[in-house]
Amino acid sequence: MSISSTLIEILRNEAAPIVILTGAGISRESGLHTFRDPDGIWARYDISEVATPEAFIANPELVQSFYNDRRQILHDASVIPNAAHQALVRLEQEWPGEVLLVTQNIDDLHGRAGSKNLIHMHGELLKVRCNHCDAISPWQDDLGAGDTCPACGKTGGLRPHVVWFGEMPLEMERIYQALENCGLFISIGTSGNVYPAAGFVEVAHHQAQAETLEINLEPSDGASLFDHALYGPATKCVPEFVD
Ligand code: BJW
């Protein structure tokens, strides 16, 4: 069932806090591949070989080249924020209550579009983390074993600042606090396969009695958990909802 304009007006009048979760589907029409679609990243790579801490120990060159390739694609001039990223900026600016945007994406398209209240729960492709000093630093270029940490000057300890399977996603306390207090939870362009993000809808529903809305190309694995849904490409559905 689609969300009615009357319900949106009630939530607006209450200045209800909104939490938005985004996934790879929102960046698909900017030219970035999703993970689990037939043409997705996991059709070409084995998750266990590139997205676990064990993989980084066993074959750091393969893991670095996986992220170096994706960093290069992100620098491509054709990869820019789309109408869905832009609509979420308008929502943040115009909604009378707090809008927290939590993205699982490691691309920088929400930030480039202008979203401010933004959490990258799975990290950021254009940052590195140092295993020697824990510093997180901006990083635009290819990364390799011989690179030096901009913060401590030591070599050999840099890794992509991303959250692999088995690692703790970032800023979870802030995210759960927002979920427990929101009036509307919106999930956009995510398949609902990866936890803890896939469980956010239940936290919003049970602990905050929030309205829940899924916006996705097609019903996700967790579709039955949502009160409302809009199905179609994000560049069509997200502006439609916001405007
Ligand atoms: C469109 C569209 C268009 C397309 N418009 N839509 C058993 C049970 C429960 C949990 C576990 C378990 N065994 C292991 C776990 C934990 C594990 C997990 O979830 N495993 C599952 C596979 C079962 N999770 C973890 O390990 C996480 N850490 C953790 O749990 O720590 C402990 C903890 C517990 C509780 C609280 C706190 C902490 C870490 C997960 C790290 C995920 N990392 C990755 C890769 C790293 C970053 C990177 O390289 O980019 O993150 S995996 C990959 O999946 C990436 C994504 O962020 C993530 C989610 O994918 P997403 O965004 O949903 O993409 P897709 O492709 O799946 O879906 C795209 C959707 O868009 C589709 O539905 C399309 O239809 C749609 N779409 N075009 C709109 N144009």
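The values are calculated or read from the model by the stated rules, or taken from the named source; none is laboratory data. It should be emphasised that the depicted structure is a prediction, and the values quoted were computed from it without experimental measurement. Note that each Cβ is placed from the backbone with ideal geometry, even for glycine, and that neighbours are counted across all protein chains shown.
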**Message:** For region 180-200, give me each residue that is within 12 Å of the ligand (Cβ to nearest atom) and either among the β-branched types (V, I, T) or touching a residue at least 12 places away in the same chain (Cβ under 8 Å) (or both).
**Reply:** S187, I188, G189, T190, S191, G192, N193, V194, P196, A197, A198, F200
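Within region 116-141, restricting attention to residues that are of a type in the set (D, E, K, R) and within 22 Å of the chain's Cα centre (by Cα), which residue is farthest from the ligand (Cβ to nearest atom)? Lay out the reasoning, then the answer.
Kept after step one, since they are of a type in the set (D, E, K, R), are these residues of region 116-141: 116, 124, 127, 129, 134, 141.
Now drop any that are not within 22 Å of the chain's Cα centre (by Cα), which leaves 116, 124, 127, 129, 141.
Numbers: K116: 21, E124: 10, K127: 12, R129: 13, D141: 18 Å.
In this case the residue turns out to be K116.
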**Prompt:** Which of the residues belonging to region 12-42 are assigned to a helix (DSSP H, G or I) and in contact with a Phe, Trp or Tyr (Cβ under 9 Å, 6 or more places away or on another chain)?
**Reply:** R12, I41, W42
**Request:** May I ask you to say which residue of G153, G166 is part of a loop (DSSP other than H, G, I, E, B), more than 16 Å from the ligand (Cβ to nearest atom) and out of contact with any strand residue (DSSP E or B) (no Cβ under 9 Å at 6 or more places or on another chain)?
**Result:** G153
**Message:** What are the pairs with Cβ atoms under 8 angstrom where one residue, in region 211-228, is more than 15 Å from A24 (Cβ to Cβ) and the other, located anywhere, is within 9 Å of the ligand (Cβ to nearest atom) and aromatic (F, W, Y)? Sequence gap at least six, or different chains.
**Reply:** P219/Y231
**Prompt:** What are the residues in region 96-132 that are surrounded by 14 or more Cβ atoms within 10 Å (Cβ to Cβ), over 23 Å from P233 (Cβ atoms) and out of contact with any His (no Cβ under 9 Å at 6 or more places or on another chain), if any?
**Reply:** G97, E98, L100, I119, M121, C130, H132
**Fill in**
Within region 201-235, residues within 8 Å of the ligand (Cβ to nearest atom) and not in a loop (DSSP other than H, G, I, E, B) come out as I215, N216, A234, T235
**Item:** Cβ pairs under 7 Å, 6+ apart, first in region 38-62 and touching a residue at least 60 places away in the same chain (Cβ under 8 Å), second of a type in the set (S, T, N, Q)
**Value:** A55/S48
**Prompt:** Is it the case that some residue within region 136-154 is free of Cβ contacts under 8 Å to residues at least 60 places away in the same chain and buried (at least 21 other Cβ atoms within 10 Å of the Cβ)?
**Reply:** no
**Request:** Determine which single condition Y67 fails, assuming it passes every other condition in (1) among the aromatic types (F, W, Y); (2) closer than 28 Å to L179 by Cβ; (3) touching a residue at least 60 places away in the same chain (Cβ under 8 Å).
**Result:** (2)
**Fill in**
Of T52, T22, the only residue that is under 22 Å from G189 (Cα atoms) and surrounded by 15 or more Cβ atoms within 10 Å (Cβ to Cβ) is T22
**Message:** Scan region 16-27 and tell me whether some residue there is more than 12 Å from the ligand (Cβ to nearest atom), over 23 Å from Y231 (Cβ atoms), touching a Gly at 6+ places or on another chain (Cβ under 6 Å) and at pLDDT 95 or above.
**Reply:** yes
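Only one of these is outside any strand (DSSP E or B), over 18 Å from V163 (Cβ atoms) and not polar (S, T, N, Q): V79, V63. Name it.
Working: V63 fails: over 18 Å from V163 (Cβ atoms).
Criteria check complete, one pass: V79.
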**Request:** Determine whether region 61-69 contains at least one residue that is within 11 Å of the ligand (Cβ to nearest atom) and within 18 Å of the chain's Cα centre (by Cα).
**Result:** yes
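For the condition over 18 Å from the mean Cα position of the chain (by Cα) and closer than 15 Å to T22 by Cα, what is the one hit in L230, L179, L217?
Values: L179 fails: over 18 Å from the mean Cα position of the chain (by Cα); L217 fails: over 18 Å from the mean Cα position of the chain (by Cα).
Every option except L230 fails the conditions.
Within 15 Å of the ligand (Cβ to nearest atom) and closer than 19 Å to N216 by Cα: which single residue out of A55, A84 fits that description? Spell out how you get there, then give the answer.
Working: A55 fails: closer than 19 Å to N216 by Cα.
Step by step, each of A55, A84 is checked, and only A84 is within 15 Å of the ligand (Cβ to nearest atom) and closer than 19 Å to N216 by Cα.
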